[in-house]
Amino acid sequence: MIDLATGSGDIPRLIVDYARKIGAGVEIDALDRQPATLEIARTLSADYPEISYREANILEWNSVKSYDITLFTLALHHFSNDDAVLLLRKSCQMSKRFVLVSDLRRSFFLVAGVYLLTTLVFREPMTRYDARLSAIRAFSFSEMRDLALCAGWKDFGHKKFQFGRQAIWLERT
């Protein structure tokens, strides 16, 4: 499995925890371009030998192997439309079986909720700035669909989730 733009590695750790619980084996390559973020992820994952962290710019990185599952979680909104299409295309190319991309879903309620939370609760300047920018830059439901179509995805799933989230997925047969 590969996790693109892994951040602190929370998703890979959750997957390993579940795999251990059900007695399944898993190996995860987790990529991020920020060395400081990867250092945090490595520290938090000290007891997770199943996860290998790699520093890479996912726009430029070319995998030498293919993966059963490609994950890309809560990061697509950080990219332009053209780069998002490229990343969706690359995600599909490096996966033998499944691709799952989840992200924010821009809507009035997401933007209003983020502004309310960052005014009343999460008031630290960096959090306020990043959260508000992310809510505004998120792709709408129809924009996410259009990105997948532009990337050549066919017969993919797409669903809205609570609290301004959405996912697209593809199963290759």
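A short reminder: the numbers here are calculations on the coordinates, not readings from a lab. Quantities reported herein were computed from a predicted structural model and do not represent experimental measurements. Cβ placement follows ideal geometry from the backbone for every residue including glycine, while neighbour counts extend to all protein chains displayed.
Couple of notes before you dig in:
- The shape of the range 124-173 can be summarised by an equivalent ellipsoid whose semi-axes, obtained from the alpha carbon gyration tensor, come to 28, 11, 9 Å from longest to shortest.
- Based on C-alpha pairs under 8 angstrom that are at least 6 apart in sequence, the chain has a relative contact order of 21 percent.
- Computed over the range 90-139, Kirkwood Rh from alpha-carbon pairs, angstrom: 12.5 Å
- Over the chain: helical MRE at 222 nm, DSSP H runs n ≥ 4 each giving -39500 (n - 2.57), nearest 500: -13000 deg cm²/dmol
- If the segment from residue 39 to residue 81 were pulled out straight at 0.36 nm per residue, it would be longer than the present Cα-Cα gap by 12.2 nm.
- Across the range 1-103, the relative contact order, built from alpha-carbon pairs under 8 Å that are at least six residues apart, equals 30 percent.
- Separation between Cα centres of the range 97-111 and the range 1-76, rounded to whole Å: 19 Å
- Residue 33 long-range amide H proximity, modeled H, under 5 Å: 56
- What the Cβ-Cβ distance of residue 116 and residue 143 gives, at R0 = 30 Å and to the nearest 0.05, is a FRET efficiency of 0.80.
- Each residue, residue 55 and residue 169, gets one label point 7 Å from its Cα in the Cβ direction; the gap between the two is 3.4 nm.
- Taking every C-alpha pair closer than 8 Å and separated by at least 6 residues, the mean separation divided by the residue count of the range 74-161 gives a relative contact order of 41 percent.
- Answer label for Cα Rg over 2.2 N^0.38 Å (calculated), chosen among (1) 1.05; (2) 1.42; (3) 1.23: (1)
- A simple count of charges around residue 149, restricted to other residues whose Cβ falls under 13 Å of its Cβ and scoring Lys, Arg +1 and Asp, Glu -1, yields 0.
- Straight Cα distances below 19 angstrom link residue 65 to the lysines 90, 96, with same-chain residues fewer than 8 positions distant left out.
- Spin-label proximity, residue 109 to the range 44-82 - amide N less than 20 Å from point 7 Å beyond Cα toward beta carbon: 74
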